[in-house]
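Contents: one structure, followed by commentary.
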Amino acid sequence: MKDHPEALLHAKLNCETGRLHWRELERHFARGAVVKVAPGMDLVEVAVRFAQDDKPTIEAWLEAGRIDRAATEDAVVWQGRQSVFWAVVVAPWVLVQEIAPAQND
């Protein structure tokens, strides 16, 4: 893997993902650090692009609405249904992807 730093980074970030409940995410939302990742996107791949500061890719995803900073409206919905997320930290950001409510159990 030494020859493939991106693969090593991908593996590292994959190991750092975990489930996070809204109540644990709320404080990160309050400081404006939550980025929501659209369903169907590879959360770890998004994290790799953030870690590599791949601005063109990140900007394209922002423009396409595939990623976005979490808004107050999101927080209201997440609070109401006590959402659960897959999350990974790429400081200063917490990247999250909501787990479908039926899968939260």
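Here, each number is a calculation from the coordinates, and none is a lab measurement. Just so you know, these numbers come straight off a predicted model, no measurement behind them. No Cβ is skipped: glycine too gets one built from the backbone with ideal geometry, and neighbour counts run over all protein chains shown.
See the values below:
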| read-out | value |
| --- | --- |
| Scope region 10-35; condition surrounded by 18 or more Cβ atoms within 10 Å (Cβ to Cβ) and under 21 Å from Glu63 (Cβ atoms); matching residues | Val34, Val35 |
| Residues (of a type in the set (D, E, K, R), part of a helix (DSSP H, G or I) and under 11 Å from Val34 (Cα atoms)) located in region 58-105 | Asp74 |
| Residue list for region 17-40, filter: outside any strand (DSSP E or B) and either free of Cβ contacts under 8 Å to residues at least 40 places away in the same chain or out of contact with any helix residue (DSSP H, G or I) (no Cβ under 8 Å at 6 or more places or on another chain) (or both) | Arg23, Glu24, Arg27, His28, Ala30, Arg31, Gly32, Ala33, Ala38, Pro39, Gly40 |
